[in-house]
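Take a look at the structure below.
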Amino acid sequence: MSWPTLSLKNGNLIPMLGFGTGTAWYKDDPNDPTNPELIEALKTALGKGFIHIDAADSYGTEREFGIAIKKSGIPRDKLFITTKVLEGWKDVPVALDNSLKRLQVDYVDMYLLHNTYVIPTTTDIQTAWKGLETVHAEGKARDIGVSNFQRSHLEAVLEVCSVVPAINQLEYRPYLQRAHDYIPWMREHGIEVSSFKTLAPITVGKGGPLDLPLSSIAARHNTSTSTVVLSWAIDQNIVPITTTTKAERMDEYIAALSLRLSRDELEEITQIGLEYHFRWWGKDFFDPEDRC
(Lines give C-alpha, C1' and ligand atoms only; values in the text may rest on other atoms or scores of the structure.)
Protein backbone atom coordinates (compact mmCIF):
# COMPACT_ATOMS: atom_id res chain seq x y z
CA MET A 1 0.00 0.00 0.00
CA SER A 2 1.02 3.62 -0.44
CA TRP A 3 1.73 4.96 3.05
CA PRO A 4 -0.04 8.30 3.66
CA THR A 5 2.17 11.22 4.69
CA LEU A 6 1.82 14.61 6.34
CA SER A 7 3.57 17.59 4.80
CA LEU A 8 5.71 19.59 7.22
CA LYS A 9 6.14 23.35 6.97
CA ASN A 10 9.36 22.96 4.95
CA GLY A 11 7.73 20.57 2.49
CA ASN A 12 9.32 17.39 3.86
CA LEU A 13 6.95 14.49 4.40
CA ILE A 14 6.44 12.40 7.52
CA PRO A 15 4.60 9.04 7.33
CA MET A 16 1.25 9.25 9.11
CA LEU A 17 1.79 6.30 11.47
CA GLY A 18 4.93 5.25 13.30
CA PHE A 19 6.17 2.18 15.15
CA GLY A 20 8.11 2.82 18.34
CA THR A 21 9.31 1.24 21.55
CA GLY A 22 8.79 3.68 24.41
CA THR A 23 8.40 2.44 27.96
CA ALA A 24 7.25 -1.00 26.80
CA TRP A 25 10.85 -1.87 25.95
CA TYR A 26 12.74 0.49 28.24
CA LYS A 27 16.23 -0.58 29.36
CA ASP A 28 18.05 1.13 32.23
CA ASP A 29 21.38 0.81 30.45
CA PRO A 30 21.61 1.09 26.64
CA ASN A 31 24.76 -1.04 26.84
CA ASP A 32 22.86 -3.99 28.31
CA PRO A 33 22.67 -7.02 25.99
CA THR A 34 20.35 -6.50 23.05
CA ASN A 35 16.79 -7.77 23.38
CA PRO A 36 16.15 -10.48 20.73
CA GLU A 37 12.37 -10.23 21.21
CA LEU A 38 12.46 -6.52 20.42
CA ILE A 39 14.62 -7.07 17.35
CA GLU A 40 12.13 -9.64 16.05
CA ALA A 41 9.17 -7.32 16.76
CA LEU A 42 10.87 -4.51 14.86
CA LYS A 43 11.72 -6.82 11.95
CA THR A 44 8.09 -7.95 11.85
CA ALA A 45 6.85 -4.35 11.86
CA LEU A 46 9.20 -3.44 9.01
CA GLY A 47 8.08 -6.54 7.12
CA LYS A 48 4.44 -5.54 7.60
CA GLY A 49 5.16 -2.25 5.87
CA PHE A 50 5.95 0.21 8.66
CA ILE A 51 8.41 2.73 7.25
CA HIS A 52 8.31 5.26 10.11
CA ILE A 53 10.15 4.06 13.20
CA ASP A 54 10.49 6.02 16.43
CA ALA A 55 13.33 5.61 18.93
CA ALA A 56 14.99 7.59 21.74
CA ASP A 57 18.35 7.47 23.44
CA SER A 58 16.68 7.26 26.86
CA TYR A 59 14.74 4.09 25.94
CA GLY A 60 18.00 2.19 25.52
CA THR A 61 16.69 0.51 22.36
CA GLU A 62 18.50 2.26 19.50
CA ARG A 63 20.86 -0.69 19.00
CA GLU A 64 17.90 -3.01 18.49
CA PHE A 65 16.52 -0.62 15.88
CA GLY A 66 19.87 -0.58 14.09
CA ILE A 67 20.11 -4.37 14.02
CA ALA A 68 16.51 -4.79 12.84
CA ILE A 69 16.98 -2.23 10.06
CA LYS A 70 20.09 -4.02 8.82
CA LYS A 71 18.40 -7.42 8.95
CA SER A 72 15.31 -6.12 7.13
CA GLY A 73 17.31 -5.27 4.03
CA ILE A 74 15.18 -2.16 3.48
CA PRO A 75 17.21 0.65 1.90
CA ARG A 76 17.88 3.57 4.25
CA ASP A 77 16.17 6.07 1.96
CA LYS A 78 12.91 4.12 2.16
CA LEU A 79 12.66 4.61 5.92
CA PHE A 80 11.76 7.56 8.14
CA ILE A 81 13.76 7.32 11.36
CA THR A 82 13.04 9.44 14.43
CA THR A 83 15.09 9.49 17.61
CA LYS A 84 15.26 11.78 20.63
CA VAL A 85 17.81 13.30 22.99
CA LEU A 86 17.17 13.48 26.73
CA GLU A 87 20.08 13.79 29.16
CA GLY A 88 22.45 14.72 26.32
CA TRP A 89 20.81 18.12 25.79
CA LYS A 90 23.97 19.92 26.96
CA ASP A 91 25.96 18.57 23.99
CA VAL A 92 23.49 17.64 21.29
CA PRO A 93 26.06 16.95 18.52
CA VAL A 94 27.80 14.33 20.67
CA ALA A 95 24.48 12.82 21.74
CA LEU A 96 23.32 12.47 18.14
CA ASP A 97 26.62 10.97 17.00
CA ASN A 98 26.20 8.30 19.68
CA SER A 99 22.62 7.64 18.55
CA LEU A 100 23.68 7.36 14.91
CA LYS A 101 26.31 4.76 15.85
CA ARG A 102 23.74 2.70 17.71
CA LEU A 103 21.21 3.03 14.88
CA GLN A 104 23.92 2.24 12.28
CA VAL A 105 22.85 5.14 10.04
CA ASP A 106 24.43 8.39 8.87
CA TYR A 107 21.45 10.63 9.58
CA VAL A 108 17.98 10.64 11.11
CA ASP A 109 14.89 12.05 9.46
CA MET A 110 13.62 13.61 12.68
CA TYR A 111 15.52 14.47 15.87
CA LEU A 112 13.53 15.56 18.90
CA LEU A 113 14.41 17.33 22.14
CA HIS A 114 12.73 14.74 24.31
CA ASN A 115 11.57 16.43 27.49
CA THR A 116 11.87 19.81 29.15
CA TYR A 117 11.69 18.37 32.66
CA VAL A 118 15.36 17.41 32.68
CA ILE A 119 16.36 20.91 31.53
CA PRO A 120 16.62 23.39 34.43
CA THR A 121 15.81 26.78 32.88
CA THR A 122 14.20 28.46 29.90
CA THR A 123 17.64 29.64 28.79
CA ASP A 124 18.85 26.03 28.87
CA ILE A 125 15.92 24.97 26.69
CA GLN A 126 16.92 27.64 24.18
CA THR A 127 20.56 26.50 24.30
CA ALA A 128 19.53 22.89 23.76
CA TRP A 129 17.44 23.93 20.76
CA LYS A 130 20.44 25.68 19.23
CA GLY A 131 22.24 22.34 19.54
CA LEU A 132 19.53 20.73 17.45
CA GLU A 133 19.87 23.49 14.87
CA THR A 134 23.59 22.67 14.67
CA VAL A 135 23.03 19.00 13.77
CA HIS A 136 20.29 20.05 11.35
CA ALA A 137 22.73 22.36 9.56
CA GLU A 138 25.26 19.52 9.41
CA GLY A 139 22.70 17.28 7.68
CA LYS A 140 22.70 14.70 10.44
CA ALA A 141 19.06 15.48 11.25
CA ARG A 142 16.89 16.33 8.26
CA ASP A 143 14.16 17.73 10.50
CA ILE A 144 14.20 18.74 14.15
CA GLY A 145 11.45 19.06 16.70
CA VAL A 146 10.42 18.57 20.30
CA SER A 147 8.48 16.22 22.52
CA ASN A 148 6.36 16.83 25.63
CA PHE A 149 6.59 20.61 25.20
CA GLN A 150 3.99 22.90 26.71
CA ARG A 151 3.14 26.23 25.11
CA SER A 152 5.51 28.21 27.35
CA HIS A 153 8.40 25.96 26.32
CA LEU A 154 7.62 26.40 22.63
CA GLU A 155 7.29 30.15 23.06
CA ALA A 156 10.82 30.18 24.48
CA VAL A 157 12.13 28.26 21.48
CA LEU A 158 10.30 30.50 19.02
CA GLU A 159 11.98 33.54 20.57
CA VAL A 160 15.44 32.38 19.48
CA CYS A 161 15.07 29.77 16.77
CA SER A 162 16.36 29.98 13.22
CA VAL A 163 14.57 26.72 12.45
CA VAL A 164 11.01 26.31 13.73
CA PRO A 165 10.33 22.94 15.37
CA ALA A 166 8.76 20.68 12.76
CA ILE A 167 6.89 18.47 15.24
CA ASN A 168 5.81 18.37 18.85
CA GLN A 169 5.32 14.75 19.88
CA LEU A 170 3.05 14.67 22.91
CA GLU A 171 0.40 12.72 24.71
CA TYR A 172 -2.83 13.04 22.73
CA ARG A 173 -6.03 10.98 22.64
CA PRO A 174 -9.80 11.43 22.90
CA TYR A 175 -9.37 11.79 26.68
CA LEU A 176 -6.58 14.39 26.35
CA GLN A 177 -7.31 16.67 23.41
CA ARG A 178 -5.28 19.61 24.76
CA ALA A 179 -7.10 22.68 26.00
CA HIS A 180 -6.84 26.37 25.09
CA ASP A 181 -6.53 25.76 21.33
CA TYR A 182 -3.01 24.45 21.80
CA ILE A 183 -3.07 22.32 18.61
CA PRO A 184 -4.32 25.17 16.36
CA TRP A 185 -1.79 27.52 17.96
CA MET A 186 1.09 25.18 17.14
CA ARG A 187 -0.08 24.82 13.56
CA GLU A 188 -0.32 28.59 13.18
CA HIS A 189 3.40 28.62 13.96
CA GLY A 190 4.20 25.81 11.52
CA ILE A 191 4.51 23.07 14.16
CA GLU A 192 2.75 19.77 13.41
CA VAL A 193 1.73 17.20 16.01
CA SER A 194 2.65 13.59 16.67
CA SER A 195 1.14 11.55 19.49
CA PHE A 196 2.03 8.76 21.88
CA LYS A 197 -0.27 6.66 24.05
CA THR A 198 -3.08 7.47 21.63
CA LEU A 199 -4.60 4.06 22.35
CA ALA A 200 -4.79 4.63 26.13
CA PRO A 201 -8.64 4.71 26.11
CA ILE A 202 -8.64 1.01 25.19
CA THR A 203 -5.48 -0.07 27.01
CA VAL A 204 -4.33 1.56 30.26
CA GLY A 205 -7.38 3.84 30.47
CA LYS A 206 -10.26 1.39 30.11
CA GLY A 207 -13.44 2.12 31.99
CA GLY A 208 -14.21 5.52 30.52
CA PRO A 209 -17.32 6.68 28.66
CA LEU A 210 -15.89 5.74 25.24
CA ASP A 211 -15.74 2.00 25.93
CA LEU A 212 -19.16 1.21 24.45
CA PRO A 213 -19.19 3.80 21.62
CA LEU A 214 -15.80 2.63 20.35
CA SER A 215 -16.95 -0.98 20.40
CA SER A 216 -20.11 -0.06 18.49
CA ILE A 217 -18.22 1.91 15.86
CA ALA A 218 -15.67 -0.89 15.45
CA ALA A 219 -18.43 -3.47 14.99
CA ARG A 220 -20.11 -1.26 12.40
CA HIS A 221 -16.91 -1.23 10.33
CA ASN A 222 -15.95 -4.84 11.08
CA THR A 223 -12.68 -3.69 12.57
CA SER A 224 -10.98 -3.27 15.97
CA THR A 225 -11.30 -0.48 18.50
CA SER A 226 -7.55 0.25 18.12
CA THR A 227 -8.09 0.81 14.39
CA VAL A 228 -10.94 3.21 15.18
CA VAL A 229 -8.98 5.29 17.71
CA LEU A 230 -5.93 5.59 15.44
CA SER A 231 -8.16 6.55 12.52
CA TRP A 232 -9.72 9.28 14.67
CA ALA A 233 -6.26 10.76 15.30
CA ILE A 234 -5.06 10.40 11.71
CA ASP A 235 -8.19 12.17 10.46
CA GLN A 236 -6.97 15.23 12.42
CA ASN A 237 -3.51 15.04 10.80
CA ILE A 238 -2.03 13.82 14.07
CA VAL A 239 0.81 11.30 13.55
CA PRO A 240 0.35 8.46 16.09
CA ILE A 241 3.27 6.38 17.34
CA THR A 242 2.30 2.83 18.32
CA THR A 243 3.97 -0.34 19.53
CA THR A 244 3.16 -4.02 20.01
CA THR A 245 4.80 -7.43 19.92
CA LYS A 246 1.88 -9.02 18.09
CA ALA A 247 1.73 -9.22 14.30
CA GLU A 248 -2.08 -9.13 14.29
CA ARG A 249 -2.03 -5.87 16.26
CA MET A 250 0.35 -4.38 13.69
CA ASP A 251 -2.22 -5.26 11.01
CA GLU A 252 -4.92 -3.49 13.05
CA TYR A 253 -2.78 -0.38 13.33
CA ILE A 254 -2.00 -0.29 9.62
CA ALA A 255 -5.72 -0.73 8.84
CA ALA A 256 -6.30 2.69 10.43
CA LEU A 257 -4.61 4.29 7.42
CA SER A 258 -7.45 3.20 5.15
CA LEU A 259 -10.44 3.27 7.53
CA ARG A 260 -12.80 6.16 6.85
CA LEU A 261 -15.04 7.03 9.75
CA SER A 262 -18.09 9.18 9.16
CA ARG A 263 -18.21 12.79 10.36
CA ASP A 264 -20.81 11.74 12.93
CA GLU A 265 -18.60 8.93 14.24
CA LEU A 266 -15.57 11.20 14.49
CA GLU A 267 -17.58 13.87 16.28
CA GLU A 268 -19.07 11.31 18.67
CA ILE A 269 -15.57 10.16 19.71
CA THR A 270 -14.41 13.76 20.10
CA GLN A 271 -17.35 14.98 22.15
CA ILE A 272 -17.57 11.96 24.46
CA GLY A 273 -13.81 12.05 24.89
CA LEU A 274 -14.02 15.64 26.11
CA GLU A 275 -16.23 14.50 29.00
CA TYR A 276 -13.43 12.50 30.60
CA HIS A 277 -9.81 13.31 31.40
CA PHE A 278 -7.03 10.73 31.43
CA ARG A 279 -3.34 11.63 31.46
CA TRP A 280 -0.85 8.77 31.35
CA TRP A 281 2.54 10.52 31.33
CA GLY A 282 3.50 13.49 33.48
CA LYS A 283 1.19 12.93 36.42
CA ASP A 284 3.95 14.19 38.72
CA PHE A 285 4.30 17.42 36.73
CA PHE A 286 0.71 18.45 36.12
CA ASP A 287 -2.36 19.19 38.15
CA PRO A 288 -4.61 16.09 37.91
CA GLU A 289 -7.23 18.09 35.99
CA ASP A 290 -4.80 19.94 33.72
CA ARG A 291 -5.77 19.25 30.11
CA CYS A 292 -3.07 21.41 28.53
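When only alpha carbons are used to place a centre, the stretch 100-138 and the stretch 226-267 end up 29 Å from one another. With both labels modelled 7 Å from their Cα along Cα-to-Cβ, the Ser2 to Thr203 distance reads 3.0 nm.
Rolling a 1.4 Å probe across all protein chains gives Val204 an accessible area of roughly 80 Å².
Loop exposure criterion: chymotrypsin sites (Phe, Trp or Tyr not before Pro), DSSP state outside H, G, I, E and B, at most 16 other Cβ atoms within 10 Å. Applied to the chain, the longest stretch between such sites is 108-275.
Taking the protein heavy atoms of the stretch 132-257 in the context of the full set of protein chains, the accessible area attributed to carbon and sulfur is 46 percent at 1.4 Å. Evaluating 6.51 cos²θ - 1.76 cosθ + 1.60 at θ = phi - 60° for every residue in the stretch 269-275, the Karplus couplings come out as 4, 4, 5, 5, x, 5, 7 Hz, glycine and proline recorded as x. For the chain, with a Gaussian network of springs between Cα atoms less than 10 Å apart, report the residue from Gly11, Gly131, Gly139 with the top mean-square fluctuation. Maximum fluctuation in the GNM of the chain, among the listed residues, is at Gly11. Over the stretch 164-203, accessible surface divided per residue gives 28 Å², non-protein components excluded, 1.4 Å probe.
For Tyr276 and Gln236 in the same chain, what is the full-extension length gain: residue separation times 0.36 nm, less their Cα-Cα distance, in nm? Don't skip to the end; give the middle numbers.
Working: separation 40, 0.36 × 40 = 14.40 nm, distance 1.95 nm.
Full extension from Tyr276 to Gln236 adds 12.5 nm.
When DSSP beta bridges are restricted to pairs lying wholly in the chain, around 15% turn out antiparallel.
Normalising the average separation of contacting C-alpha pairs (under 8 angstrom, six or more residues apart) by the number of residues puts the relative contact order of the stretch 15-275 at 18 percent. Contact order for the stretch 1-132, expressed relative to its length and based on alpha carbon pairs under 8 Å spaced 6+ residues apart, stands at 21 percent.
Across all Cα atoms of the stretch 15-275, the radius of gyration (one decimal) and Dmax (whole number) stand at 18.3, 51 Å. Available extension along the chain between Ser258 and Ala219 is 12.4 nm, counting 0.36 nm per residue and deducting the alpha carbon span. Shape call for the stretch 36-85 from the C-alpha gyration tensor, a ≥ b ≥ c root eigenvalues: rounded (a/c under 1.5), prolate (a/b greater than b/c) or oblate? In terms of gyration-tensor shape, oblate.
The values are calculated or read from the model by the stated rules, or taken from the named source; none is laboratory data. Just so you know, these numbers come straight off a predicted model, no measurement behind them. Heads up, the Cβs are rebuilt from the backbone with ideal geometry, glycines too, and the neighbour counts pull from every protein chain shown. For accessibility, only protein heavy atoms count, side chains too; no ligands or nucleic acids. Shrake-Rupley method; radii C 1.70, N 1.55, O 1.52, S 1.80 Å.
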